[in-house]
Amino acid sequence: MGRPLSNIKLSLDHLPDLEPLLLEVLDTVSTKEFDVRDKRGRWYSLRLRPYMTHENKIDGIVVLLVDIDGIKRGQSLRASEERYRALFNLGPIAIYSCDVSGTIQEYNHRAAELWGRQPRPGDTDERFCGSFKMHLPDGTLLPHDQCPMADVLSGKYRLRATWKSSSSAPTALGLPSS
C-alpha cells in the first residue's frame, strides 16, 4: 500500500516488464490480466487495475494475484485426455480395455469392426474379448477365459514393448514367447 511502482518485485517467471504496464493501466484507465507462473511452477492470474477513490479519481493501481493453479492443471489434464481419446478413437488398429475382472470397459470402432459387433461396455457377461467366438490357428475353439487378454489380466503373462534399433518408439506390444 502506498509504495512506488519501482518497489514492486514479484518472484514470477515470464513476467512482462511491470512498470510500462502499470503506467498504461493508469493512462488508459483499463485493466490488464496475465497468466504467470512462480518459480515453483504454480500458476497465477496477475491482474492490474486502477484504484479509484470515492471521488472517482485514480489514486493508484491494484495489483492482484489469484491462484489459478488448479484450473490450469485441470485444463492440462483435459487436453491430455483429449489427445488420448483422439489416439484411441482414430487409431488404425483395434484397441480395447478391460477392468481387472476382464469386463470390457471401452473399445474403438476398429475393435467393433474386427469383432463384427458392438458389445455393451461394462456388461459382466462380456469378458476378455468382444468377439462371439475365438479359434486357435488349428480351428479349435478358444474359450474367452483362456484368451491372451485373460492370461495378461491373470498375471500369467506381462505385456512388453519391443523396439527397433533405429527408433525409440515401441513398434509392437506382445506376449512373450514360451
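Values in this text are rule-based calculations from the coordinates and carry no lab data. Note that this is a predicted model, so its numbers are computed, not measured. Note that we place each Cβ from the backbone using ideal geometry, even for glycine, and neighbour counts take in every protein chain shown.
Summary of values
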quantity	calculated
Residues within segment 15-66 that are of a type in the set (D, E, K, R), assigned to a strand (DSSP E or B) and out of contact with any helix residue (DSSP H, G or I) (no Cβ under 8 Å at 6 or more places or on another chain), tallied	5
Sole exception among (1) closer than 22 Å to Leu22 by Cβ; (2) surrounded by 15 or more Cβ atoms within 10 Å (Cβ to Cβ); (3) not acidic (Asp, Glu) for Cys98, by number	(1)
Candidate set from segment 50-94 (those that are of a type in the set (Lys, Arg) and within 22 Å of the chain's Cα centre (by Cα)); member that is nearest to Thr28 (Cα to Cα)	Lys72
All positions within segment 123-132 that are exposed (fewer than 12 other Cβ atoms within 10 Å of the Cβ) and out of contact with any strand residue (DSSP E or B) (no Cβ under 6 Å at 6 or more places or on another chain)	Asp123, Asp125, Phe132
